[in-house]
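Here the structure comes first, spelled out in structure tokens, and everything after it is commentary.
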Amino acid sequence: MKQFLVKVKSGLIIFLIFAARVILRVFYIFPIDQKKIVFSSFNGEQYSCSPYYIYQYIISKYPDVYKVYWHTRDKNQNHHMLRTKDAIIVQSTLPYFYHMLTSRFIIVNNSIHVILPIRKHQIVINTWHGGGLFKKINKTIESRKFVDTIIRKIHNQTNNLFLASSNAFEQVVIRKRFNYSGQVLETGLPRNDIFFTANTIDISTNVKKYFNIPPEGKIILYAPTYRGAWNSPSMNILKENTIDIPNLVKQLKHKTGNDYYFIFRGHHAFKDSICYDCIDATNYPDMQKLLVSTDIFITDYSSSLWDFSLTFKPCVMFIPDIENYLSDPGLETDYREWPFPSAKNNDELCYQILNFNNEDYKKNVLMYHQQYGSFENGCATEKVVEYIRNNGIIG
């Protein structure tokens, strides 16, 4: 009986999805606006990541050429990061459906709503929100639930273009995990251009001012990845094995003479902090600027490992839940082959940081980039905008 009800529920969900896709075709009566671009980051939760960097480039280089819209889930979201002339469209409202289905380009870092019947002459650019081969992003299509399989197929048909950070990411994640066979721009990620081209001193100065950290202060950033629900086994293990921040800061002060400030950055999918005696930067709008300003980075299986490796600054994996994580969701490759030293408890973490070998680490990171075929060179944003200008938008 339970299996029967599950099948009925799945069938109803699929019916509603396709019914909505048919109904929303009414917006096809409106022409596609060749100068309109809609941006969306983390399904309307933020103005961030690669879509935001592409947005900044466009409004800087072509301030009066394009009609720019941002998809948001919350009309009260902090809009100071946008130009006053740029419109916001709140999800599931009539303006949202209208602009999403009449824009020439839609630029996202995740996926667009499955009920949107994207038109033939619209172009969806999926920048995705990570690089490197760390945690498994999707199970193979065969192992997914029936509804998820249908949704994934719709998304694959919707995306016109993916961006890839490396050859390995393109082949394993985009082609295999996403089962995507369309066009890929081998550009690197626009959000990572900052590590090659930005004035890092100015960025670091501004970040320290924001968090009231003295100019000479050093930053330790801890940013663990998503582990499912707040009460999931891996999440519980992580909460039970909190980092001993006072001891770590004290040991670093004793060794280097510098004052270190510990910043915690929670994953966008969970807002609760798992750190105490620290600065909470979960709601800080730009993760990349935090990484630029960071002197020591602590994470786990997060794709931010890839981003931060481009700085060649010390990075340590804190993975007390590794045995649990290996079983679900699993890792794409053996973490022991990654260039980042790992620690399963506080003693190991403190040891790895205090005895970090910068020279060996830089050599290992360079080999890692070569092995995975990195496309990162600081030109991703420029290449994406060039693609936009060469594919139908009048400028």
Quiz item: Based on what the data block shows, is Phe39 within 28 Å of the chain's Cα centre (by Cα), among the aromatic types (Phe, Trp, Tyr) and in the same structural domain as Phe105 (by TED's automatic domain parsing)?
Solution: yes
Quiz prompt | Scan of the stretch 327-354 for residues that are over 13 Å from Asp244 (Cβ atoms), among the charged types (D, E, K, R) and surrounded by fewer than 18 Cβ atoms within 10 Å (Cβ to Cβ), ordered by number | solution = Asp328, Asp334, Arg336, Glu337, Lys344
Exercise. Filter the stretch 144-166 down to the residues that are at pLDDT 75 or above and not in a helix (DSSP H, G or I), then identify the one that is surrounded by the fewest Cβ atoms within 10 Å (Cβ to Cβ).
Key: Asn160
Quiz item: So, in the stretch 367-387, of the ones that are of a type in the set (A, V, I, L, M) and under 26 Å from Arg177 (Cα atoms), which residue ends up surrounded by the fewest Cβ atoms within 10 Å (Cβ to Cβ)?
Solution: Met367
Exercise. For the stretch 349-389, name all the residues that are of a type outside the set (D, E, K, R), part of a helix (DSSP H, G or I) and more than 26 Å from the chain's Cα centre (by Cα).
Key: Cys350, Tyr351, Gln352, Leu354, Asn358
Quiz prompt | Counted residues, the stretch 181-214 - those being part of a loop (DSSP other than H, G, I, E, B) and either modelled with pLDDT of 95 or more or buried (at least 19 other Cβ atoms within 10 Å of the Cβ) (or both) | solution = 8
Exercise. Could you list, in sequence order, all residues of the stretch 282-301 that are assigned to a loop (DSSP other than H, G, I, E, B) and either in the same structural domain as Gln46 (by TED's automatic domain parsing) or buried (at least 23 other Cβ atoms within 10 Å of the Cβ) (or both)?
Key: Thr294, Asp300, Tyr301
Exercise. Give the number of residues within the stretch 38-62 that are hydroxyl-bearing (Ser, Thr, Tyr) and in contact with a helix residue (DSSP H, G or I) (Cβ under 6 Å, 6 or more places away or on another chain).
Key: 4
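Listed residues Arg265, Arg175; which is closer than 29 Å to Asp148 by Cα, of a type in the set (D, E, K, R) and modelled with pLDDT of 90 or more?
Arg175
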Quiz item: Any idea which residue in the stretch 71-104 is modelled with the lowest pLDDT, counting only those that are over 20 Å from Asp33 (Cα atoms) and of a type in the set (A, V, I, L, M, F, W, C)?
Solution: Met81
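Here's the yes/no breakdown for (1) surrounded by fewer than 23 Cβ atoms within 10 Å (Cβ to Cβ); (2) touching a Pro at 6+ places or on another chain (Cβ under 6 Å); (3) under 15 Å from Pro190 (Cα atoms):
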position	(1), (2), (3)
Val38	no, no, no
Pro51	no, no, yes
Asp64	yes, no, no
Asp86	yes, no, no
Self-check item: Breaking point among (1) buried (at least 23 other Cβ atoms within 10 Å of the Cβ); (2) under 15 Å from Ser111 (Cβ atoms), for Tyr47
Solution: (2)
Quiz item: Hey, among Arg25, Arg21, which residue is among the basic types (Lys, Arg), surrounded by 14 or more Cβ atoms within 10 Å (Cβ to Cβ) and part of a helix (DSSP H, G or I)?
Solution: Arg21
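This table checks each residue for (1) crowded, with 20+ Cβ neighbours inside 10 Å; (2) in the same structural domain as Phe297 (by TED's automatic domain parsing); (3) hydrophobic (A, V, I, L, M, F, W, C); (4) more than 22 Å from Asp347 (Cβ to Cβ).
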| position | (1), (2), (3), (4) |
| --- | --- |
| Gly217 | no, yes, no, yes |
| Glu240 | no, yes, no, no |
| Ile245 | no, yes, yes, no |
| Leu248 | yes, yes, yes, no |
| Leu252 | yes, yes, yes, no |
Self-check item: Identity of the residue in the stretch 219-238, part of a helix (DSSP H, G or I) and buried (at least 16 other Cβ atoms within 10 Å of the Cβ), that ends up modelled with the lowest pLDDT
Solution: Met235
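Here is a check on your reading of the model: is Lys253 under 17 Å from the mean Cα position of the chain (by Cα) and outside any strand (DSSP E or B)?
Here the answer is no, as Lys253 does not meet what is asked.
The values are calculated or read from the model by the stated rules, or taken from the named source; none is laboratory data. Just so we're clear, the structure is a prediction, and the values are computed from it rather than from any experiment. Ideal geometry is used to build each Cβ from the backbone, glycine not excepted, and the neighbour counts take in all protein chains shown.
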